[in-house]
Structures are given as structure tokens and as C-alpha cells.
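Student: Take a look at the following structure, please.
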Amino acid sequence: MPISKAKKSKSAPKSKSTKKPKELQKYKEFVKNRLTEITPILQKASVGDFTEKIAIPEKEDEFSELLVGLSLMMDDLQELEKTREKVEEERKERLRELEQWQKLTVGRELKIVELKNQVSVLKQEIENLKNGLGKSPGEPSRESPIN
């Protein structure tokens with residue numbers, strides 16, 4: 001009895017083994033082709049180019065869920081990129097407004113300092129006029145000498 005079992009087991013794998021390599025090779029080719037189709041699209045998406053979409057076949061296969069998931073992910077990434085660009089543009093605009101405001105306020109502050117200095121000089125001149133009839137410190141007297 002052991003001899004007949006051995007013969008059966010030897011003959012059975014031969015028929016399966018000749019069939020399996022062809023199926024396996026066919027499946028490998030199928031997988032290679034499917035990956036070749038989506039690789040360029042994923043490469044573009046990796047650098048922010050979402051112009052190409054992943055085609056979802058009508059007939060389901062081993063890749064259907066993966067392709068649907070990748071397609072949804074790329075849609076989400078595209079939406080996030082649009083939002084990021086919008087926020088970046090708003091940030092740049094706000095920065096321009098703040099820089100303009102800073103220029104105005106710094107200019108105003110410089111003008112205020114200048115005006116304060118002018119007021120101080122004018123107050124000193126007024127004080128000099130009150131006290132010495134227009135005589136500034138270090139300035140010779142305007143009075144003419146009486147001879």
C-alpha cells in the first residue's frame with residue numbers, strides 16, 4: 001500500500017506543477033502591467049501634479065480597492081494643496097499689509113520726533129525772546145552800546 005500512495009502523490013503534483021508556473025507567470029505579468037499603468041500617475045502626484053487621475057476599472061480585480069483608495073487619497077491631497085496655496089497667498093497678503101503699516105507707522109514716528117525737536121527749539125527761542133529780547137545763548141547782545 002505505501003507504494004501506491006507514493007505513486008499517486010508523485011503523479012498528481014506533476015500535472016499541477018506544469019499548470020501552476022503558467023498561471024503564476026500570467027499573474028505576474030498581470031500585476032506588472034497594472035503597476036506599470038499607475039506608477040507614472042503616482043510619480044506625478046508625489047511632486048504635486050494631480051492632473052492625471054487613476055482609472056477605476058468597471059470589472060473588479062485584486063487592484064480595485066487599492067486603486068479606489070489611491071484615487072481618494074489623491075483627491076484629498078489635491079484639495080489639501082489647494083487649501084495650502086490659498087492660505088499661503090492670504091499669509092503673503094497679510095504680510096504685505098503689515099509691512100505697509102510698519103512703513104507708515106515708522107514714518108509717522110520719525111515725523112513726530114522731528115516735530116518734537118522743532119517744538120523744543122521753538123520753545124527755547126520763545127523763552128530766549130522773553131528773557132533776553134531775542135538773545136540766544138552764546139549769541140552777542142543786539143543792544144547797541146551807548147556812548
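Student: Going by the structure shown, is LYS103 over 30 Å from LEU35 (Cβ atoms), surrounded by 10 or more Cβ atoms within 10 Å (Cβ to Cβ) and not aliphatic (A, V, I, L, M)? Explain how you work it out, then say what you get.
Tutor: Details: over 30 Å from LEU35 (Cβ atoms): yes; surrounded by 10 or more Cβ atoms within 10 Å (Cβ to Cβ): yes; not aliphatic (A, V, I, L, M): yes.
The answer is yes for LYS103.
Student: Here is a check on your reading of the model: is ILE146 modelled with pLDDT under 90 and among the β-branched types (Val, Ile, Thr)?
Tutor: yes
Student: Can you confirm whether VAL68 is of a type outside the set (S, T, N, Q), more than 21 Å from the chain's Cα centre (by Cα), closer than 30 Å to LEU42 by Cα and part of a helix (DSSP H, G or I)?
Tutor: Here the answer is yes, as VAL68 does meet what is asked.
Student: So, one more: Can you report the number of residues in region 38-51 which are touching a residue at least 12 places away in the same chain (Cβ under 8 Å) and more than 19 Å from the chain's Cα centre (by Cα)?
Tutor: Residues of region 38-51 that are touching a residue at least 12 places away in the same chain (Cβ under 8 Å), as a first pass: 38, 40-42, 45, 48, 50.
Narrowing further to those that are more than 19 Å from the chain's Cα centre (by Cα): 38, 40-42.
Count: 4.
Student: Show the residue pairs meeting these rules: Cβ distance below 9 Å; 6+ apart or different chains; first residue within region 121-134 and at positive phi and modelled with pLDDT under 90; second residue in a helix (DSSP H, G or I) and not aliphatic (A, V, I, L, M).
Tutor: Between residues of region 121-134 that are at positive phi and modelled with pLDDT under 90 and residues that are in a helix (DSSP H, G or I) and not aliphatic (A, V, I, L, M), the close pairs are GLY134/GLU125; GLY134/ASN128.
Student: Being of a type in the set (A, V, I, L, M) and either modelled with pLDDT under 90 or closer than 20 Å to GLN78 by Cα (or both) is the filter here; which residues of region 28-59 pass it?
Tutor: Once the filter is applied, which keeps residues that are of a type in the set (A, V, I, L, M) and either modelled with pLDDT under 90 or closer than 20 Å to GLN78 by Cα (or both), region 28-59 yields ILE38, ILE41, LEU42, ALA45, VAL47, ILE54, ALA55, ILE56.
Residues checked against (1) modelled with pLDDT under 90; (2) surrounded by 10 or more Cβ atoms within 10 Å (Cβ to Cβ); (3) of a type in the set (Gly, Ala, Ser):
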residue	(1), (2), (3)
LEU95	no, yes, no
GLY107	yes, yes, yes
GLU114	no, yes, no
PRO140	yes, no, no
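The values are calculated or read from the model by the stated rules, or taken from the named source; none is laboratory data. Remember, it's a predicted structure, so these values are computed and weren't measured experimentally. Every residue, glycine among them, receives a Cβ derived from its backbone with ideal geometry; neighbour counts consider all protein chains shown.
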